[in-house]
Amino acid sequence: MSSIYYYLAGFLFTLGLLGTIYKKDLISILLCLELMMGGIGLLVILFSRSTGLLDSQLLVFFMIIVSACEVAIGLSLIIALYRKKQTIYTDDIKIITE
Amino acid sequence: MTYDILLTILTVVFALMVVFSKKTVVAAFALLMTLLTIAMIYFQLGTIFLAAIQVLVNAGAIAILFVFVMMLINLEQFQNNRERSKTKLVVTAFTILIILGVFSLIVNNNIEMLSAVNLTDNSMKTLFEKLFTTYYLPFEMATVLLLSALVACIVITGSEKGIKHDQENLNE
């Protein structure tokens, strides 16, 4: 017996992972990363219910803070990259190989 | 029972919209809706504090930040959707697998429906007592992290060269 939400959390994480791998523009990749964070948060909350510990809720609280920082810095990097290269596609960015 | 399945279906539909929608703005709004439905699940599971935080921070701030960045970047020239050819195939196959799995669970009546935990004022009090005693150091570190992220964003995007570049683009 298990809740349907476990499957939902796994679904969200794996869908975000597939999107991160297969998408080509950077904004969509960041959107899919947020989807993955949503799935992980839901899973941690479900574990907190099954163990009865309140600490996991605080873990999710800190996770939300870290993901907010991650998105802010990622988006500012995208803006800096757009100024330099005029593109947001991963194909057009070959700074290391060039 | 019904709420569980309804919320799950809503979340799955919006999450699929994030990956499949051709316009990035639509994807951002679908992400906003996904985060809101996750907040509703938190609320249903009884973690009211996290539901509020999710609505305020994730849905209210992050999703809107995405829309602002799309305004800054000229998205008109990016309307042709360049994706790898296998994207839709792989994601569709995976989605069908997951949906079939969950559907078989529902049909076999093998799913336990979670009810909300009885949250009293006491548990909320315990939560905040833990936050400000046991987890005091991580809390302070989180504030420092937010401050450093703020400074980093200003340094990365607000350089004089970049602003000059934007002004030249505007003049053109």
Count, for each residue of A:89-95, the Cβ atoms from other chains sitting within 10 Å of its Cβ, then give me the mean as a whole number.
-> 1
Between B:Val57 and B:Leu97, with labels modelled 7 Å along Cα→Cβ, what's the label distance in nm to one decimal, could you check?
-> 3.3
With a 1.4 Å probe and every protein chain left in place, work out the accessible area per residue of chain A in Å², rounded to a whole number.
-> 40
Sorted by mean Cβ packing within 10 Å, highest first, what order do the peptides A:36-42, B:124-130, A:76-82 take?
-> A:36-42, A:76-82, B:124-130
With a Förster distance of 41 angstrom and the Cβ-Cβ distance between B:Ile9 and B:Lys164, calculated FRET efficiency to the nearest 0.05 equals 0.25
Within 10 Å of each Cβ in B:11-17, the average number of Cβ atoms from other chains = 4
Out of A:Ile73, A:Leu42, A:Phe11 - ranked by how far each Cα lies towards the positive end of the dipole of chain A, with unit charges on the beta-carbon of charged residues - the top one is A:Ile73
How much solvent-accessible surface does B:Glu168 expose, in Å² to the nearest 10, with a 1.4 Å probe and all protein chains in place?
-> 100
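The values are calculated or read from the model by the stated rules, or taken from the named source; none is laboratory data. Not measured: the values here are computed from a predicted model. As a convention, Cβ positions derive from the backbone with ideal geometry for all residues, glycine included, and neighbour counts pool all protein chains shown. The protein model used for the area step is the full one, side chains on, heavy atoms only, and it has no ligands, DNA or RNA in it. Shrake-Rupley method; radii C 1.70, N 1.55, O 1.52, S 1.80 Å.
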